[in-house]
1. What full-extension length gain, to one decimal in nm, is calculated for Val49 and Arg6 as 0.36 nm per residue of separation minus the Cα-Cα distance?
2. Label-point separation (nm) for Ala56 and Glu26, each offset 7 Å from Cα along Cα-to-Cβ?
3. Report the local net charge at Tyr14: Lys and Arg +1, Asp and Glu -1, summed over other residues whose C-beta lies under 15 Å from its C-beta.
Amino acid sequence: MITESRIPDPDGFYAALLAAHEGRTEAQSADLNARLVLLLANQCADQAVLLACIRAAAEAGDDIPTTTTTPP
């Protein structure tokens, strides 16, 4: 699982993500996030990495890990 930023323009990505949520209700934003997670997971397509990401996100809460590890 790679946790270091590899997004070429993280600020631009964040701005586009925020713009996608503009004008949506909380439920619509939750649906957008769910669709986005599934689309991004499909791009990764590595079950071990996806499960490691789920565990890391669940354990981290609001903290984002800053180390790079490889899946078992």
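Each reported figure results from applying straightforward, stated rules to the coordinates on display, with no laboratory input. The structure displayed is predicted, hence computed values, not measured ones. For neighbour counting, all protein chains shown are included, and Cβ atoms are generated from backbone atoms with ideal geometry for every residue, glycine included.
1. 13.9 nm
2. Output for this residue pair reads 2.9 nm.
3. Net of charged neighbours comes to -2.
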